1. Restricting attention to the stretch B:119-141, which residues are within 7 Å of chain A (Cβ to nearest Cβ) and among the aliphatic types (A, V, I, L, M)?
2. State all residues of the stretch B:44-68 that are of a type in the set (S, T, Y) and buried (at least 17 other Cβ atoms within 10 Å of the Cβ); if no residue qualifies, say none.
3. So, of the residues in the stretch B:30-51 that are within 25 Å of B:R13 (Cβ to Cβ) and β-branched (V, I, T), which turns out to be nearest to the chain's Cα centre (by Cα)?
4. Of everything in the stretch B:143-182, what is among the small types (G, A, S) and more than 14 Å from chain A (Cβ to nearest Cβ)? Give them in sequence order.
5. Tally time: how many residues in the stretch A:73-99 are at pLDDT below 60 and of a type in the set (V, I, T)?
6. In the stretch A:19-41, which residue that is in a loop (DSSP other than H, G, I, E, B) and more than 7 Å from chain B (Cβ to nearest Cβ) is farthest from the chain's Cα centre (by Cα)?
7. So which residues in the stretch B:1-23 are part of a helix (DSSP H, G or I) and either over 26 Å from the mean Cα position of the chain (by Cα) or surrounded by fewer than 15 Cβ atoms within 10 Å (Cβ to Cβ) (or both)?
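The values are calculated or read from the model by the stated rules, or taken from the named source; none is laboratory data. Here the structure is a predicted model, which is why all the values come from computation and not from measurement. Note that we place each Cβ from the backbone using ideal geometry, even for glycine, and neighbour counts take in every protein chain shown.
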Amino acid sequence: MQAGKSNKIEEILNSLDGLQKATAPGFFYPRLKARLEKEILPAATKPAGILRPAYALAALAVVLLINATVILTRNNSGEIVSSSETETLQSIAADYDLNDVSSIYDLNEDR
Amino acid sequence: MNEQELIQRLRNRDEAAFRYLVETYQDRVYNTALGIVQNAEDAEDVSQEVFIQAYRSIGHFKGEAKISTWLYRIATTRSLDLLRSRKSKKRFGFIQRLFGEGNEPVFELPDFNHPGVALERKENAAKLFRAISRLPENQKIAFTLYKLEDLSYQEISEVMKTSLPAVESLMHRAKQNLKKMLEKNTT
């Protein structure tokens, strides 16, 4: 009985001997080509190189760097306007008597 | 056209070269995929993916192996990917049913009948394929390449990027496991 079972199992294990290999279905290449065009073609419609996200991020980084440089330069000098420009503004203010701010808003003062 | 020339023309996106590649190797790729995934539609799908991947990655193929070895490697990898995805869908479907969702039945694939098996051997072959489907992945690959594609152990070792003794060991263990499974199911 055991020999019989063993033979049966050997028979099953050998059932693929002499197997004829399967062939790819008909029109395999045309179907593959259509799928390839569908999958690869959309890549050709992507934005031109210059509009790629990597370039956009690089441009943004440059802008931020310039802004940071300007801000840091401004903080180091401590003034928005240069000293010669300040003198000019002060002399103009003096011509028009604008240095004394309090007099503009004091409505009770006799002029 | 020799292999080096074919590889160069494929890199240049020569359509005639790609068509030659497909027509030369499509049967080998399909037969390998069919033996592993055991379903004709899935095997065709996998076979298409193999050639699409070959198209995309020809630039990285250094030509250190034969084109056939490279394609067998992609075919076995893609076939195993499909089996893993089937397994995880089955698991997810089971969990969904546990929570009262997912009313779609999860189909157990019917017995696989390879079209190239002689009529008088079909029943035995179907039992063998069922047992093969339960082998661990590496044993499944080695056994399928050996039995369905008649690859030598040396060729199998090149496809699987492993040593010849490792393939011999895989084949030995595959046969032992198949015998055990068949013993259980044979009266």
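1. Within the stretch B:119-141, B:A125, B:L128 meet the criteria.
2. Here is the first cut: in the stretch B:44-68, the ones of a type in the set (S, T, Y) are B:47, B:55, B:57, B:68.
Matches in the stretch B:44-68: B:S47, B:Y55, B:S68.
3. B:V46
4. Within the stretch B:143-182, B:S152, B:S157, B:S163, B:A166, B:S169 qualify.
5. Of the residues in the stretch A:73-99, 2 are at pLDDT below 60 and of a type in the set (V, I, T).
6. Looking at residues that are in a loop (DSSP other than H, G, I, E, B) and more than 7 Å from chain B (Cβ to nearest Cβ), I get A:G26.
7. Scanning the stretch B:1-23 gives B:E3, B:Q4, B:E5, B:Q8, B:R9, B:R11, B:E15, B:A16, B:R19, B:E23.
Residue-by-condition table, conditions (1) over 22 Å from A:A34 (Cα atoms); (2) without any contact (Cβ under 8 Å) to a residue 60 or more places away in the chain; (3) aromatic (F, W, Y); (4) more than 10 Å from every other protein chain (Cβ to nearest Cβ):
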site: B:E23; (1), (2), (3), (4): no, yes, no, no
site: B:S47; (1), (2), (3), (4): no, yes, no, no
site: B:Y55; (1), (2), (3), (4): no, yes, yes, no
site: B:S68; (1), (2), (3), (4): yes, yes, no, yes
site: B:Y72; (1), (2), (3), (4): yes, no, yes, yes
site: B:R78; (1), (2), (3), (4): no, yes, no, yes
